[in-house]
Amino acid sequence: MPEPILTSLDTLLSTYRYFLIDQFGVLHNGVTPYPGAADALQTIKDSGAQAIIISNSGKRSQVNEQRMATLGFPRNSYHTMITSGETAWHRLHDMIQAGTLKPDTRCYLLSNDGDTSSIDGLGLQTTNQIDEANLILLSGIRGDAHSFEHYVDLLKPAITHNTLCICTNPDKWALIGNDRVFGAGRVAEEYEKLGGRVMWIGKPYPEIYQFCLSRFDQFTEANKHEVCCIGDSIEHDICGGRNSGLNTLLVRTGIYQHLPEAKLQPLFEQYGATPDHLMHGFSS
């Protein structure tokens, strides 16, 4: 596989008109913004290019926009925000409208901070008894507060009922400051391995990319070569972009920030996806 090209923001802006930029690991670490990231995002906006923040957050877009603003990324510095939680809300809405999901379905919701945005307004009935649930919505977990086994044991009873788990945060690993903890995607992966049914919504799956591309102004399929996906995860950002026929850039902040350069190539081979570009950090 060819090695990715070390590049700069100026070079990217001379090549691409549309950017899909990951949130956690590229712009901030969940606690503080990365140096220069806010200025780089504003530079893209000022150039006339469009940037969509694409995130595997199980919370809806508006909730994340508010969080971004508190971290120094004002809403007017990017085109729009699309999260996996937003994508899932629209998927569930469409399923209810089509009659493939009953609006009063009992839903067992696992989310962070008591967030219910991914089901608000849909009419689903929440239950805290997993044996009563007709649907599991795995929006977020606290890998820093509970063990992996805690979450697996929590979901195991649903396997015998063949309960569908919709995972709206496919990230296997999450950043909390500079610490890396297991994410909701790891829990959903184990649920699936144990025989449970999982519907995956978010990166690297194509639905969220199609949703994002439809939100760009004046975008057509003929413009795909003008899109660059920027992220810190090979498994999610790079694979997702490549599988959707888009160019990609790996940023060396986030989950691989402490990984030696020599260990990147084996990961590219493991996942079968090499980014087109590389940056040490997302900055001008």
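Scanning region 210-254 for residues that are assigned to a strand (DSSP E or B) and either within 19 Å of Glu3 (Cβ to Cβ) or touching a Lys or Arg at 6+ places or on another chain (Cβ under 6 Å) (or both) returns Cys228, Cys229, Ile230, Gly231, Asn247, Thr248, Leu249, Leu250, Val251. Take region 75-88 and flag every residue that is over 14 Å from the mean Cα position of the chain (by Cα) and assigned to a helix (DSSP H, G or I). The answer is Arg75, Asn76, Ser77. Look at Leu278 and say whether it is on the phi < 0 side of the Ramachandran plot, within 17 Å of the chain's Cα centre (by Cα) and not in a helix (DSSP H, G or I). No, not satisfied. Checked against (1) over 28 Å from Gln129 (Cα atoms); (2) in contact with a strand residue (DSSP E or B) (Cβ under 7 Å, 6 or more places away or on another chain), Arg106 meets all criteria but (1).
Listed conditions (1) closer than 13 Å to Phe282 by Cβ; (2) surrounded by fewer than 19 Cβ atoms within 10 Å (Cβ to Cβ) are all met by Asp10, apart from (1). Cβ-Cβ contacts under 7 Å between residues 6 or more apart (or on different chains), taken from a first residue in region 96-114 that is basic (Lys, Arg) to a second residue that is open to solvent by 60 Å² or more (accessible area, probe 1.4 Å), are listed as Arg106/Gln125; Arg106/Glu132; Arg106/Asn134. Filtering region 42-70 to residues that are in a helix (DSSP H, G or I), open to solvent by 10 Å² or more (accessible area, probe 1.4 Å) and over 25 Å from Asp113 (Cα atoms) leaves Gln42, Thr43, Lys45, Asp46, Ser47.
Kindly provide the set of residues from region 14-28 that are of a type outside the set (Asp, Glu) and either within 16 Å of Thr253 (Cβ to Cβ) or out of contact with any strand residue (DSSP E or B) (no Cβ under 9 Å at 6 or more places or on another chain) (or both), ordered by number. Reasoning before the result, please.
To start, the set of residues in region 14-28 that are of a type outside the set (Asp, Glu) comprises 14-21, 23-28.
Within region 14-28, Ser14, Ile21, Gln23, Phe24, Gly25, Val26, Leu27, His28 qualify.
All told, Gly36 meets the bar of being open to solvent by less than 60 Å² (accessible area, probe 1.4 Å), more than 15 Å from the chain's Cα centre (by Cα) and at positive phi. Scanning region 147-161 for residues that are assigned to a loop (DSSP other than H, G, I, E, B) and open to solvent by 80 Å² or more (accessible area, probe 1.4 Å) yields a total of 2.
Asn76 falls short on exactly one of the conditions (1) open to solvent by less than 60 Å² (accessible area, probe 1.4 Å); (2) modelled with pLDDT of 95 or more; (3) in contact with a helix residue (DSSP H, G or I) (Cβ under 8 Å, 6 or more places away or on another chain), and that condition is (1). Please verify whether Phe216 is in contact (Cβ under 8 Å) with a residue 24 or more places away in the chain and more than 23 Å from Ala145 (Cβ to Cβ), treating the condition exactly as stated. Yes.
A quick yes/no check of all residues on (1) in a loop (DSSP other than H, G, I, E, B); (2) under 15 Å from Asn169 (Cα atoms); (3) not polar (S, T, N, Q):
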site	(1), (2), (3)
Gly72	yes, no, yes
Asp104	yes, no, yes
Tyr108	no, no, yes
Asp131	no, no, yes
Leu137	no, yes, yes
Ile141	yes, yes, yes
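Taking region 165-188 as the range and being surrounded by fewer than 17 Cβ atoms within 10 Å (Cβ to Cβ) and either at pLDDT 95 or above or touching a Leu at 6+ places or on another chain (Cβ under 6 Å) (or both) as the test, no residue passes. If you filter region 242-278 down to residues that are modelled with pLDDT of 95 or more and of a type in the set (Val, Ile, Thr), you find that the one that is nearest to Ile176 (Cα to Cα) is Val251. Residues in region 225-240 that are farther than 17 Å from Ile44 by Cβ and among the small types (Gly, Ala, Ser): 2 in all. If only residues of region 186-208 that are without any contact (Cβ under 8 Å) to a residue 60 or more places away in the chain and of a type in the set (D, E, K, R) are counted, the one that is nearest to Tyr108 (Cα to Cα) is Arg197.
The values are calculated or read from the model by the stated rules, or taken from the named source; none is laboratory data. Please read these numbers as outputs of a predicted model, since none were measured by experiment. All Cβ positions, even for glycine, are placed from backbone atoms using ideal geometry, and neighbour counts span all protein chains on display. For accessibility, only protein heavy atoms count, side chains too; no ligands or nucleic acids. Shrake-Rupley method; radii C 1.70, N 1.55, O 1.52, S 1.80 Å.
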